[in-house]
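J.: Below you'll find the structure I mean.
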Amino acid sequence: DVGGGSGAFSYVFAAKEPGLVSTILELPEVCKTGEAIRADQLADVQKRVRFQEHDASDPDWPCPEAHYDIVLMSYVSGSVPEPVIADIYRNAHKALKPGGRLLVHDFMVDDALDGPELGALWALQHVCVNAEGLGLTPRGVIGRMGAAGFAEERCETSEMIGGMTKLVVAHKAP
């Protein structure tokens, strides 16, 4: 879970999937907060969720190559400077096992750039805070995933939070 904050997604997934083990790659101060929240989780979940202190925008992640089944990036792509996205997606590709999946969840507008309005307003807010940021579209995310080694023709897109966010799933070749 890249930039996974407090670990909310990991805790929910680990509680529902008994075999799931999650690593949250996050800034040191955020890891401290996440560790405190982890202490309130079920003992089994606590054992299977861990934090790794690291700035995800750093080009070299401290994780083993071809180790993970899934890399989740929620609200990361729209929050980092645009030039960093290529490295982040390449790092995800390197970290995934063959057949693994990269899940990118973020505020996105449609490929036609004509909406949805809420997605556009949230994306604009992100770009205002991060002047080097990128307004996201599914096609743009998929193109960057392809450049990182994922098969563009196998990418899937779905709407998540109605009118605001989308999920793009890329597959690493088996």
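The values are calculated or read from the model by the stated rules, or taken from the named source; none is laboratory data. Remember, it's a predicted structure, so these values are computed and weren't measured experimentally. When we count neighbours, we look across all protein chains shown, and the Cβ atoms used for this are built from the backbone with ideal geometry, even at glycine. These accessible areas exclude ligands, DNA and RNA; they are computed on the full protein's heavy atoms, side chains included. Shrake-Rupley method; radii C 1.70, N 1.55, O 1.52, S 1.80 Å.
J.: Write out, first by first residue and then by second, each pair whose Cβ atoms fall under 7 Å of each other, whose residues are 6+ apart or on separate chains, and whose first residue, in the range 115-140, is of a type in the set (Phe, Trp, Tyr) while the second is open to solvent by less than 100 Å² (accessible area, probe 1.4 Å) and outside any loop (DSSP other than H, G, I, E, B).
T.: The qualifying pairs are Trp122/Phe107.
J.: Read through the list (1) crowded, with 18+ Cβ neighbours inside 10 Å; (2) assigned to a helix (DSSP H, G or I); (3) modelled with pLDDT of 95 or more, then give the number of the only condition that Lys47 fails.
T.: Lys47 satisfies all of (1) crowded, with 18+ Cβ neighbours inside 10 Å; (2) assigned to a helix (DSSP H, G or I); (3) modelled with pLDDT of 95 or more except (1).
J.: Shifting gears a bit: Looking at (1) open to solvent by less than 60 Å² (accessible area, probe 1.4 Å); (2) out of contact with any Gly (no Cβ under 7 Å at 6 or more places or on another chain), find the lone condition where Asp60 falls short.
T.: (1) is the only condition that Asp60 fails.
J.: Could you go through the range 158-170 and let me know if any residue there is small (Gly, Ala, Ser) and under 13 Å from the mean Cα position of the chain (by Cα).
T.: Looking for residues that are small (Gly, Ala, Ser) and under 13 Å from the mean Cα position of the chain (by Cα), one finds at least one in the range 158-170, hence yes.
J.: Next question. Need pairs with beta-carbon distance below 6 Å; first residue within 14 Å of Leu25 (Cβ to Cβ) and within the range 72-96, second acidic (Asp, Glu); sequence gap 6+ or separate chains.
T.: Qualifying pairs under 6 Å: Leu72/Asp1; Tyr75/Asp106; Lys94/Glu65.
J.: With respect to the numbered conditions (1) surrounded by 14 or more Cβ atoms within 10 Å (Cβ to Cβ); (2) of a type outside the set (A, V, I, L, M, F, W, C); (3) at pLDDT 95 or above, which one is the sole condition not fulfilled by Glu156?
T.: All conditions pass for Glu156, except number (1).
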